[in-house]
Amino acid sequence: MWLATGWLALSLPAHWRQVFVANEVAPGYLRPLGWLALGVSVLCCFKADHPSMAVLVWFTLLPVAAVATAMTLSYRPALLRVVCPVFLRAR
Amino acid sequence: MLNSFRQSMAWVHTWFGLVLGFVLMVAFFFGALSVFDREIDRWAIPETRFEPQPMPSYDNLLKQVFADLKPHPLDMAATAERVIGDLPAPETMPMVGLFAYTTHRDPVLRIGAEFAIPNKPIDSKDDHLHVHGWATIDPRTGAALPDDQLKIGSNWFYPMHYSLQVHWKNIGVFVVGLAALVMLVALVTGVIMHRKLFKEFFTFRPKKRTQRSTLDLHNMTGVVALPFHFFFAFTGLVIFASFYYFPVSGTLLKPLHDRHEVIEAEHTGLPHDEAGVPAELASVDAMVAEAKRIWAERDMAGEVGLLMIEHLGDANGYVSIYRAGSDRVALVGEGIHFKASTGEVLREEPPSDPVGAVNEFLTGLHLQHFEHWTLRWLYVAGGLLGCICIATGFVFFVEKRKQEHAKRGLQGCRLVDAMAVTTVTGMVLAAVAMLVANRLLPDAMPGRGDWEKWTFWAVWLLSLLHALWRSAPVAQARSNPAWREQCWALALACVAAVLLNWLTTGDHLLKTMLLEPYWAVAGVDLSLLACALVSVFTARRLARTVEVKQASRIDGVAYE
């Protein structure tokens, strides 16, 4: 989940610059990748719990992951480089 | 004046949000605490720190417990005011109905009973004339637990969440309902006002001006948890809609309602009235075993959560057994009803229709009877995000206006800021002070629970007075030192509560976490310590640069 929101965040130009301190924009496939990861997390939730429970877990996990990502961006942006290793940075 | 749509939305968001934000703050914070109400109860009543128990045997244990249960003096007094003539002596009143209730998190069992009285009501529309008796017992022995011990979690923090503890004409419930409605409005108007909803989804700039960073935090916590906020405000309204907000069936349509009850009783085969013929009670344990067998057959084996007997001792009596809902979200009891005198199955409740199922899911989502600890903590996180969102809303309101107010000599900001201090740090302080009082007051003290309540209100009132007294700098566009001072007080109170728990009960964290794990108490202690840490951090941060005001102090107030 954190990966997914991390990728989504990096796909926004302002945050990409924040993390990598370069005058470039993020590769275009990062955003679909983020959405895909969100999708995978839904599947994981459904696999782990009764469907009705899984929906709730996913919906409540979402804000927690998003806030975690945002706080990482604010205080330790370099940490987010982890979610985007070198081979993913090429365009 | 308001020439664009966005501006008018902003007006609604600002002013409705401000006025009812104080109520919402209470609802969100105590809602977050209520997620772990039973665990707070264990912390507050050390005698009940043992493992959760299943429903005990009726035939061997509960039967005797109920035989010893007498009408409660409080309800005797309340009922005496509603009837003509004197009530008979409590020992002579026959018990006509009873219930026993437990959940997968309850070591203790709540029981209650109805006693019949011969008196006529003063108000002829008053049709529910019984005297009630209630108790909390240890299900292992049947021993009653002292009645005047306040269950701080489930009987104080939880009702605070939905009623503000203002019970006169249920005003508290209506105010909270209005606040929930305004919450929905605030969410919609907030989204319309927001210029860069997705672009700034993850944005928080703590190093900018206070006004900017609080707005960032307000937007972020509001937007990312939007589904959570929406669903909780909405389901809260749904839960109370039929009972409090639109009780048409009990008022406007009362004759129809009463007639429907009778017809429904014919339809379901569950007698509406007594037969007037005395009858013995068959083995309830056998009925419980049969209910469990039926549930297992439906592939949803489970424990009994609620056991009720209607028309006790009468030929028309019946026993209703409901399943404890621990493995799914929807509140489904799968109730099975037995004839009390023979033990034969009278009725199995059919699966609900789609509308009913949606309703059960929505209410279950909010009331959370399920057994899923991760999800519980996520609920707490969501609730606290809501608190941050509201608190930053207040701070932003003040920051935006205080320069101008200072120039023009207005006092509005000063007042709002003091109120914000009271509802943010003051409220948490009051809750923790209550826990401290719980450990300090002597066990044998009469009315101990009432003293705990008074402590809660007194500390909250003091925090308001303190915030008002220290608020002068706000009128000069500086910040109120009360924020910082109450953070320190909060940190002290949290640590004191943990230490007092150790001193008075011997349950220190090493013991509750490692030696004899008891996570209900350990969780409360750990959360208190986390709260202390966050307060110290915030207080120091406020002291360093008075201008960089962080409203995220409630971030870690997840003491269970």
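The values are calculated or read from the model by the stated rules, or taken from the named source; none is laboratory data. Remember, it's a predicted structure, so these values are computed and weren't measured experimentally. We place every Cβ from the backbone using ideal geometry, glycine too, and count neighbours over all the protein chains shown. For the accessible areas, the whole protein counts, side chains as well, though only heavy atoms, and no ligand, DNA or RNA atoms are used. Shrake-Rupley method; radii C 1.70, N 1.55, O 1.52, S 1.80 Å.
Here are some notes:
- Simple label model, 7 Å out from Cα along Cβ direction - B:GLU51 to B:THR141, nm: 1.9
- The range B:372-489: relative contact order as a whole-number percent, Cα under 8 Å and 6+ apart: 31
- Residue-averaged beta-carbon neighbours from other chains (10 angstrom radius) around B:363-369: 1
- Shielding value for A:64-77 is 5, the average number of Cβ atoms from other chains within 10 Å of each residue's Cβ.
- Degrees separating the helix B:254-268 axis from the principal Cα axis of chain B, which is the longest one: 50
- In this calculation the C-beta distance from B:VAL188 to B:GLN165 is compared with R0 = 35 Å, giving a FRET efficiency of 0.75.
- Each residue, A:HIS50 and B:LEU465, gets one label point 7 Å from its Cα in the Cβ direction; the gap between the two is 5.0 nm.
- Of B:LYS169/B:LYS453; B:LYS70/B:LYS453; B:LYS208/B:LYS407; B:LYS63/B:LYS120, those spanning more than 28 Å from alpha-carbon to alpha-carbon: B:LYS63/B:LYS120
- Backbone amide hydrogens, once placed in the peptide plane, bring B:ASP327 within less than 5 Å of B:GLU371, excluding anything fewer than 5 places away on its chain.
- Protection proxy ranking of B:219-231, B:131-143, B:347-359 - average other beta-carbon atoms within 10 Å, highest first: B:219-231, B:131-143, B:347-359
- Carbon/sulfur fraction of accessible area - the range B:411-560, other protein chains in place, 1.4 Å, %: 72
- Chain B, helix-only ellipticity at 222 nm - DSSP H runs n ≥ 4, -39,500 (n - 2.57), divided by all residues, nearest 500: -17500 deg cm²/dmol
- Here the range B:470-506 is scanned for amide nitrogen atoms under 20 Å from the site 7 Å beyond the Cα of B:LEU440 along Cα-to-Cβ, giving B:485-506.
- Contact order normalised by residue count of chain B, Cα under 8 Å, 6+ apart, percent: 16
- 1.4 Å probe accessible area per residue over chain B, in Å²: 46
- Ranked by the mean number of other Cβ atoms within 10 Å of their residues, highest first, the peptides A:45-52, B:28-35 fall in the order B:28-35, A:45-52.
- Set of the range B:161-192 residues, backbone N closer than 18 Å to the point 7 Å along the Cα-Cβ line of B:TRP457: B:161-173
- Model label zone, B:LYS120; criterion: amide N under 16 Å from point 7 Å along Cα-to-beta-carbon; scope the range B:53-95: B:82-87
- Accessible surface buried at the B:A interface totals approximately 2100 Å², computed with a 1.4 Å probe on protein heavy atoms.
- Cα long-axis angle, helix B:5-34 against chain B (0 to 90 degrees, to the nearest 10): 50
- Projecting the Cα atoms of B:SER283, B:VAL536, B:PHE204 onto the dipole axis of chain B, where Lys and Arg carry +1 and Asp and Glu carry -1 at the beta carbon, places B:PHE204 farthest toward the positive end.
- Once C-alpha pairs closer than 8 Å and six or more residues apart are averaged by separation and normalised to the residue number of the range B:411-560, the relative contact order reads 25 percent.
- Gain on full stretching of the segment that runs from B:SER326 to B:ASN155 - 0.36 nm per residue minus C-alpha separation: 59.4 nm
- Debye, to nearest 20: dipole size of chain B, +1 on Lys, Arg Cβ, -1 on Asp, Glu Cβ: 4600
- Label-to-label distance, B:VAL355 versus B:HIS267, with points set 7 angstrom from Cα along the beta-carbon direction: 1.2 nm.
- Chain B: radius of gyration over Cα atoms, expressed as a fraction of 2.2 N^0.38 Å: 1.07
- Reachable aspartates and glutamates, given that their alpha-carbon falls under 14 Å from the alpha-carbon of B:LYS511 and they are not under 8 places away in the same chain: B:ASP525
- B:THR374-B:ARG408 FRET efficiency (beta carbon distance; Förster radius 51 Å; 0.05 resolution): 0.50
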